[in-house]
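Written out below as structure tokens is the structure these notes cover.
The values are calculated or read from the model by the stated rules, or taken from the named source; none is laboratory data. Owing to the predicted nature of the structure, the values given are computational and were not obtained by experimental measurement. All Cβ positions, glycine included, derive from the backbone under ideal geometry; neighbour counts span all protein chains shown.
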Ligand code: TNX
């Protein structure tokens, strides 16, 4: 095994840890009509479906035949295989993919899907390689704001397809904000009956029923992705206070809000309805959530007094734990210095980071979502038709050329759970705009979270990513034409 390097020129993103290409003059593995075999028939079925969809040639599952085989082997997790590591061996007659978990198999399948090329006879072939791979960070996510503008279950599934291809393992759904409430909460019907019908100006209203939310989680889970629901509290709460007047000191509902201001809304610790609301909503979301995490927001409660903020953050944190989930919150909640396990999500480089540096000394883990590198509602440059620019323009190179361990003084590699991109939807209101803002930058975040910084190189990354544009177009994903350094769109297309 030798370390991956650019001379291999395999179009893999993120870059795997070790790649060995075969020097023997043997033919490549032909993927057309190959058959996936696995001890778990459902795993094989899904793998065949994913390979078919992402390679453009039909791959079958569980067929009892002599066809070329892709063997999926689930080993014991342990010394040889960590949570998401995998080993992929491609020979002329067989592909063997082994991992210590279903998630590891999904990561290896994404690699296999990216390896394909067309040969001279227009067959879809996989070069003979051995790859051993594992991620730098256990948390690699995308936060999607479905509150300002709603995205349907089918659209969210398409986003999950992108996440799968780039080995992400978290989909954070920002389900509530001032402009709308997007998840059905049985017993609190007005949240969705009233605030499911509101959105940001020009945005789409809507909400997920409990069944819809289960479907999204099924789709994600099968692909090795954990859904992290966010109910933003104690600020960003106008959708709730608009649906239930009892959450306000006046007893009257607040008006619907469709603008882009932040920081004006809040919950009130002294009102009896607030405790009922917290228990009802957190209890229901926890019960609906398969994954171990519940994100409670905690950001930008700008008009709230700090005592009330802390009282509510501490109470919310407690109720989340009583419901068996681990709390996740935006960086502002570090002011409350909550007990581990706790994840704080760093986003605003304008804010003081002392609380975060202190929190990691008490065992907190940090998710890096620094706006200048990972906020993909930011424009690429002045000509981008969508999005905003409060954190500046974020080019593909900005999204790529940085190290999460060097972002916050006093927050080092061991304190970092991982990285998460975010896309806010005040100005990104349909799937075309969404995918244009995500691609190609999402691929950069993927490599930042997966591959060690010293193994990364921007030119090499741009070269590997070049051929992916054809994949995106084949999937019907719009993308920004800015590959290459300094925005040049001059890469040869391949495969
Ligand atoms: C800041 S990031 C926000 C969001 C906005 C976003 C727009 C964060 C925790 N809060 O409410 O949508 O900027 O880029």
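Return only the number of the condition from (1) without any contact (Cβ under 8 Å) to a residue 60 or more places away in the chain; (2) in a helix (DSSP H, G or I); (3) buried (at least 20 other Cβ atoms within 10 Å of the Cβ) that residue 220 does not satisfy.
Only one criterion is unmet by residue 220, namely (1).
Name the residues in region 434-443 that are part of a loop (DSSP other than H, G, I, E, B) and either within 14 Å of the ligand (Cβ to nearest atom) or closer than 13 Å to residue 145 by Cα (or both), would you?
Within region 434-443, the first condition is being part of a loop (DSSP other than H, G, I, E, B), and the residues that meet it are 439-440.
Once the filter is applied, which keeps residues that are part of a loop (DSSP other than H, G, I, E, B) and either within 14 Å of the ligand (Cβ to nearest atom) or closer than 13 Å to residue 145 by Cα (or both), region 434-443 yields nothing.
Name the strands (runs of 3 or more DSSP E) wholly within region 23-92 that hold at least 2 residues that are in contact (Cβ under 8 Å) with a residue 40 or more places away in the chain and surrounded by 14 or more Cβ atoms within 10 Å (Cβ to Cβ)?
86-90
Only one of 313, 394, 360, 328 is in contact with a helix residue (DSSP H, G or I) (Cβ under 7 Å, 6 or more places away or on another chain), closer than 19 Å to residue 414 by Cβ and either part of a helix (DSSP H, G or I) or within 14 Å of the ligand (Cβ to nearest atom) (or both); which? Talk me through it step by step, then tell me what you get.
Numbers: 313 fails: closer than 19 Å to residue 414 by Cβ; 394 fails: closer than 19 Å to residue 414 by Cβ; 328 fails: in contact with a helix residue (DSSP H, G or I) (Cβ under 7 Å, 6 or more places away or on another chain).
Only one candidate passes the filter, namely 360.
Residue 183 - would you say it is under 25 Å from the mean Cα position of the chain (by Cα), at pLDDT 95 or above and farther than 17 Å from residue 277 by Cβ? Spell out how you get there, then give the answer.
On the way: under 25 Å from the mean Cα position of the chain (by Cα): yes; at pLDDT 95 or above: yes; farther than 17 Å from residue 277 by Cβ: no.
Judged against the criteria, residue 183 is not a match.
Within region 150-186, track down each residue that is assigned to a loop (DSSP other than H, G, I, E, B) and under 20 Å from residue 296 (Cα atoms).
Let us first name the residues in region 150-186 that are assigned to a loop (DSSP other than H, G, I, E, B), namely 150-152, 166-169, 175, 177-180, 182, 184-186.
Within region 150-186, 150, 169, 175, 177, 178, 179, 180, 182, 184, 185, 186 meet the criteria.
Condition test on residue 368, is it closer than 27 Å to residue 307 by Cβ, away from the ligand (no atom under 12 Å from the Cβ) and either over 21 Å from the mean Cα position of the chain (by Cα) or crowded, with 17+ Cβ neighbours inside 10 Å (or both)? Walk me through it before giving the result.
Numbers: closer than 27 Å to residue 307 by Cβ: no; away from the ligand (no atom under 12 Å from the Cβ): yes; either over 21 Å from the mean Cα position of the chain (by Cα) or crowded, with 17+ Cβ neighbours inside 10 Å (or both): yes.
So residue 368 does not fit the description; no.
Test of understanding: among 350, 406, 321, 373, which residue is within 16 Å of the ligand (Cβ to nearest atom) and free of Cβ contacts under 8 Å to residues at least 12 places away in the same chain?
Details: 406 fails: within 16 Å of the ligand (Cβ to nearest atom); 321 fails: within 16 Å of the ligand (Cβ to nearest atom); 373 fails: free of Cβ contacts under 8 Å to residues at least 12 places away in the same chain.
Exactly one of 350, 406, 321, 373 is within 16 Å of the ligand (Cβ to nearest atom) and free of Cβ contacts under 8 Å to residues at least 12 places away in the same chain, namely 350.
It is to be established whether one or more residues within region 412-433 are away from the ligand (no atom under 16 Å from the Cβ), under 16 Å from residue 159 (Cβ atoms) and out of contact with any helix residue (DSSP H, G or I) (no Cβ under 9 Å at 6 or more places or on another chain). Full working, then the answer.
Just the residues of region 412-433 that are away from the ligand (no atom under 16 Å from the Cβ), to begin with: 412-418, 430-432.
Add one more test, that the residue is under 16 Å from residue 159 (Cβ atoms), and what stays is 430-432.
Next cut, out of contact with any helix residue (DSSP H, G or I) (no Cβ under 9 Å at 6 or more places or on another chain) only: 432.
Checked region 412-433: at least one residue is away from the ligand (no atom under 16 Å from the Cβ), under 16 Å from residue 159 (Cβ atoms) and out of contact with any helix residue (DSSP H, G or I) (no Cβ under 9 Å at 6 or more places or on another chain).
State whether the residues of region 290-299 include one that is modelled with pLDDT of 95 or more, surrounded by fewer than 20 Cβ atoms within 10 Å (Cβ to Cβ) and not in a loop (DSSP other than H, G, I, E, B).
No; the residues of region 290-299 include none that is modelled with pLDDT of 95 or more, surrounded by fewer than 20 Cβ atoms within 10 Å (Cβ to Cβ) and not in a loop (DSSP other than H, G, I, E, B).
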